[in-house]
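Taking it in order: structure first as structure tokens, then the write-up.
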Amino acid sequence: MPNFSDGIVKLDHQMFEKGLLIIKNTGIKTVKLYSETDTSHSVTVNVADFDHVTLWTKEGANAPFLCIEPFNGLPDVHGDLVELADKEGNHHTGAGLTSSYNVQISVK
């Protein structure tokens, strides 16, 4: 689990050596990716409708990108395949009903 300090996680490639990071959303409204020194650009993702936020990049590559993915449902754990209907955190909608989840991405 990343080290949060005042809601900020200082990222580095080593954090992703074992794969993606899944953060349980306990009131997170937005996730903002920015640099304090390298650029004035930023990406902000509204994740308020989602139970989890996943951060990932290509393992072992020091890749110049980070993916921010909001999730309602968790992937399988390596080696432990689970039926889609039984996956942890999945949201289910009854026949004839609809569910809506919104994500907003702002790029500066």
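The distance between label points at Ala48 and Asp6 comes to 2.4 nm (points 7 Å beyond Cα on the Cα→Cβ vector).
With a Förster radius of 25 Å applied to the C-beta separation of Lys18 and Lys108, the computed FRET efficiency comes to 0.20. The chymotrypsin sites (Phe, Trp or Tyr not before Pro) of the range 58-108 that DSSP puts in a loop, and whose beta carbon has at most 15 other beta carbons within 10 Å, are Phe65, Tyr101.
Atom-type composition of the exposed protein surface of the chain places 52 percent of the accessible area on carbon and sulfur (1.4 angstrom probe). Surface exposure of the chain, expressed per residue as accessible area with a 1.4 Å probe, stands at 75 Å².
The values are calculated or read from the model by the stated rules, or taken from the named source; none is laboratory data. Remember, predicted model here, so these are calculated numbers, not experimental data. When we count neighbours, we look across all protein chains shown, and the Cβ atoms used for this are built from the backbone with ideal geometry, even at glycine. Quick note on the areas: whole protein, heavy atoms, side chains included, nothing else; ligands and nucleic acids left out. Shrake-Rupley method; radii C 1.70, N 1.55, O 1.52, S 1.80 Å.
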